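Structure first, commentary second.
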């Protein structure tokens, strides 16, 4: 089992990894094998922090997920107390994530909010935009964005994105819906020209993670005020 993990931060309770594009966070119905959580467990086993053969051993678990072809920060808990705490921190929005994405086109406004309704399609592993929340399967999706750079020669924009809600494929579907699909995205746009440029998957990175507002009595309150960053994504070279 591979144990190579890009560790951004680690203590006795949590590990924050920078997942490369192309790696699954965990096995799914269609595929199993080499995944981020497998590598994290192998890394901790190698370091003597995890013994899968012990009945008393907690299996390190992921607290958040990102798509296979999205690079960026993923949090793993090393013990049950940390898992409960971090899940609560994420639910309470005390872990603020910022994404970077390269999109096609130049937006009309330097910043804004995309608000729409998404419904999952299990047959195609995509989400569809709906005009209203018509059923329990339709979820409200709210995305805040800011333009931080442009490449006028290639008609691309670099966006800083924050998710008010966390829905499947929210960023990709939202920007495609407003006419600005992500560079390289072949699921919500035609990416033939992007592939010729060397971008065969979405140019998206979960880039930064800031902890704030965690109550003092929480076992992970020592993370308050800390910010962590992924390595700069490859698509940043398109923007000066």
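Count of segment 94-112 residues, restricted to those that are exposed (fewer than 15 other Cβ atoms within 10 Å of the Cβ) and in contact (Cβ under 8 Å) with a residue 40 or more places away in the chain, is 3. Identify, please: which residue in segment 25-47 is farther than 19 Å from residue 9 by Cβ and loosely packed, with under 11 Cβ neighbours inside 10 Å and is, among those, modelled with the highest pLDDT? Filtering segment 25-47 for residues that are farther than 19 Å from residue 9 by Cβ and loosely packed, with under 11 Cβ neighbours inside 10 Å, the one modelled with the highest pLDDT comes out as 33. The set of residues from segment 1-27 being part of a loop (DSSP other than H, G, I, E, B) and more than 17 Å from the chain's Cα centre (by Cα) comprises 1, 2, 3, 4, 11, 12, 13. Filtering segment 67-100 to residues that are farther than 29 Å from residue 180 by Cα and part of a strand (DSSP E or B) leaves 75, 76, 77.
Here residue 145 fits the description: in contact with a strand residue (DSSP E or B) (Cβ under 7 Å, 6 or more places away or on another chain), farther than 22 Å from residue 18 by Cβ and surrounded by 16 or more Cβ atoms within 10 Å (Cβ to Cβ).
Matching residues to (1) without any contact (Cβ under 8 Å) to a residue 60 or more places away in the chain; (2) over 19 Å from residue 151 (Cβ atoms):
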| site | (1), (2) |
| --- | --- |
| 193 | yes, no |
| 197 | yes, no |
| 203 | no, no |
| 210 | no, yes |
| 232 | yes, no |
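Taking (1) within 30 Å of residue 157 (Cα to Cα); (2) part of a loop (DSSP other than H, G, I, E, B); (3) in contact with a helix residue (DSSP H, G or I) (Cβ under 9 Å, 6 or more places away or on another chain) in turn, residue 103 satisfies each apart from (2). Within the set 230, 173, the sole residue that is under 19 Å from the mean Cα position of the chain (by Cα), crowded, with 20+ Cβ neighbours inside 10 Å and either within 23 Å of residue 109 (Cα to Cα) or modelled with pLDDT under 95 (or both) turns out to be 173. Candidates are the residues of segment 151-170 that are surrounded by fewer than 17 Cβ atoms within 10 Å (Cβ to Cβ) and in contact (Cβ under 8 Å) with a residue 60 or more places away in the chain; the one that is nearest to residue 206 (Cα to Cα) is 162. The lone criterion from (1) closer than 21 Å to residue 117 by Cα; (2) in contact with a helix residue (DSSP H, G or I) (Cβ under 6 Å, 6 or more places away or on another chain) left unmet by residue 175 is number (2). For residue 77, the conditions (1) surrounded by fewer than 19 Cβ atoms within 10 Å (Cβ to Cβ); (2) touching a residue at least 60 places away in the same chain (Cβ under 8 Å); (3) in contact with a helix residue (DSSP H, G or I) (Cβ under 8 Å, 6 or more places away or on another chain) are fulfilled apart from (1). Among the numbered conditions (1) within 14 Å of the chain's Cα centre (by Cα); (2) surrounded by fewer than 17 Cβ atoms within 10 Å (Cβ to Cβ), the only one that residue 215 does not meet is (1).
The values are calculated or read from the model by the stated rules, or taken from the named source; none is laboratory data. Keep in mind that this is a model prediction, so the values were computed, not measured. Counting neighbours? That spans all protein chains shown, and the Cβs are built from the backbone with ideal geometry, glycine included.
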